[in-house]
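Let me begin by presenting the structure, written as structure tokens, before commenting on it.
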Amino acid sequence: MEIKKEYFGTLCDGTVASIYTISNEKMSFSVTDYGCIITSIILPDGKGGKVDVALGYSTLAGYTTGVISFGAIVGRFANRIGNARFTVEGKEYTLDVNSGKNDSLHGGFFRYDKVVWNSKIVSTKNGLGVSFKRTSHDMEQGYPGNLDCEVIYTLNEKNQIYMEYNCTTDKATPVNLTNHSYFNLAGRGTTLNHLMQLKCPSYLEVDEYLIPTGKLIPVEGTVFDFRTPKTIGKDIDKVAPGYDHCYVTEAYKSGMKSAFSGEMKEIAVVTEPVSGRKMSVYSDQIGIQFYAGNYLNNELGKDGMHYQNHDAFCLETQCFPDTPNKKNFPSCILSPGEKYSAHTIYEFSF
């Protein structure tokens, strides 16, 4: 195992961003302290070369100006909150309206991936990697409480990128962190031919603005059923403009009170049929957002590549969207004296 720290760039205010590359003898991944962004995941291509299976930009400037959230940490609340407001302990809080009709998405206009985090190389039981820390201050993004955040990314000899999220707060507040990496196991081109398996018995019904209605719908007999592997593209034309839905994982148990109490489960397995490359996702999160890259829209990315719609997929482990406004969803409220702890593994085979 090896880790290397390098200069990545300098921001307009003079802050220097670093990039870390963690490698074993078979694969590597790189992550920057600017937004805890995973900038690359390098796997062998089977021909003596290498392939990068994570979309992104070639330079720091791409990440500072980009709005796609390639590889980024997302918080304080990943995904959508309806009507850009919620109530905690009898007080209503309003958020940035940046999605749909009047909803808030991924924390609003100020994103966790647009600041440099404090970083430190670490070696844990899960592998070698980097710990990133910052405090999200009271009323940042409109959320109450000073939230002390830690994100740890490590790599081990099992070709697992292990992601751990830890938070504490001094006021009751919603918390929901995730990583927003875009994957293409072929390295480029469409992912509609990738075989997707989601070990999820149901998904969240949503309205026209993708806000959950509160209903959990069984996937059986629907185009959302990926329990048996099928290509991403098989039924995508029946889900205009494509999949962007939160699936309910087997970590969810009926009647559970807290969204933070799930058990580690294998949630997803994705296979690229030509190379045979495979990615497995494990998590203790009760939800996983499957997004089929519906809005890449010719985005200019690494090495001059123009990413087209469906050239990538995202599998974002998380609490259910709009949980603060849904009493029947397991709670995402973190209170003083409690600890938010969430874990996800991206495992690669080739």
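The values are calculated or read from the model by the stated rules, or taken from the named source; none is laboratory data. Just so it is clear, the model here is predicted, and its values are computed rather than measured. Virtual Cβ from ideal backbone geometry, glycine too; neighbours counted across all protein chains shown. All accessible areas refer to the heavy atoms of the entire protein, side chains included, with ligands and DNA or RNA removed. Shrake-Rupley method; radii C 1.70, N 1.55, O 1.52, S 1.80 Å.
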What is the dipole size for region 89-129, taken about its Cα centre, with +1 at each Lys and Arg Cβ and -1 at each Asp and Glu Cβ, in debye to the nearest 20?
280 debye
Can you list the aspartates and glutamates whose alpha carbon is less than 13 Å from that of LYS230, not counting same-chain residues fewer than 8 positions off?
GLU272
What percent of all Cα-Cα pairs in region 86-126 falls in each 10 Å bin, counting up from 0?
22, 29, 26, 20, 3
Might you tell me the accessible area per residue for the chain, computed with a 1.4 Å probe and given in Å²?
40 Å²
Assigning unit charges at the beta carbon (Lys, Arg +1; Asp, Glu -1) and nothing else, what dipole magnitude in debye, to the nearest 20, does region 27-138 show about its Cα centre?
160 debye
Working out 0.36 nm times the residue gap between SER258 and GLU338, then minus their Cα-Cα distance, what length gain in nm do you get to one decimal?
27.6 nm
Kirkwood Rh in Å, taken over region 1-151 so that all alpha-carbon pairs contribute:
17.0 Å
Can you tell which of LEU300, ILE236, SER99 lies farthest toward the positive end of the dipole of the chain, using +1 and -1 charges on the Cβ of basic and acidic side chains (Lys, Arg; Asp, Glu)?
ILE236
Is there a pair in LYS91/LYS171; LYS47/LYS125; LYS114/LYS265; LYS234/LYS278; LYS114/LYS171 whose C-alpha atoms are over 22 Å apart, and which pairs would that be?
LYS47/LYS125; LYS114/LYS265; LYS114/LYS171
Taking a cut-off of 18 Å between Cα atoms, list the aspartates and glutamates near LYS257, but don't count ones fewer than 8 places away on the same chain.
GLU89, ASP284, ASP322, GLU338
Given q = 0.11 Å⁻¹, what are the Debye log10 I(q)/I(0) values for the chain, with equal point scatterers placed on the Cα positions and solvent ignored?
-0.69
Charge context of GLY293, other residues only, Cβ under 14 angstrom, K/R +1, D/E -1:
-3
With the full set of protein chains in place, find how many percent of the accessible area of region 206-350 is carbon and sulfur; take the probe as 1.4 Å.
49 percent
Nothing charged except the Cβ atoms of Lys and Arg (+1) and of Asp and Glu (-1): what's the magnitude of the dipole of the chain about its Cα centre? Round to the nearest 20 debye.
360 debye
To check my understanding: the extent here is largest minus smallest coordinate of the Cα atoms along each principal axis. What are those three numbers for region 203-350, in Å, largest first?
47, 34, 32
Env charge @ ARG227, Cβ radius under 9 Å, K,R +1 / D,E -1, value -1
Can you tell me, using C-alpha contacts under 8 Å and at least 6 residues apart, the relative contact order of the chain as a whole percent?
17 percent
In vacuo Debye sum over C-alpha of region 159-290, base-10 log of normalised intensity I(q)/I(0) at q = 0.10, 0.18, 0.20 Å⁻¹, listed in q order, is -0.36, -1.15, -1.37
What is the Rg over Rh value, at two decimals, for region 269-314, using alpha-carbon atoms and the Kirkwood definition of Rh?
1.05
Quick one: give the max-minus-min coordinate of the C-alpha atoms of region 64-220 along each principal axis, largest first, in Å.
48, 42, 32
Pick from ILE333, ILE38, ILE288: which is most flexible by mean-square fluctuation in a GNM of the chain where alpha carbon atoms under 10 Å apart are linked?
ILE333
So what's the net charge close to ILE73: Lys and Arg +1, Asp and Glu -1, counting the other residues with Cβ under 15 Å from its Cβ?
-2
Mean 1/r over distinct Cα pairs of region 282-350, inverted to a Kirkwood Rh in Å, yields 15.1 Å
Which of ALA259, CYS12, VAL270 sits farthest toward the positive end of the charge dipole of the chain, with +1 on the Cβ of Lys and Arg and -1 on the Cβ of Asp and Glu?
VAL270
Let me check I have the definition right: for region 139-223, take the eigenvalues of the Cα gyration tensor, multiply each by 5, take square roots. What are those semi-axes in whole Å, largest first?
29, 24, 13
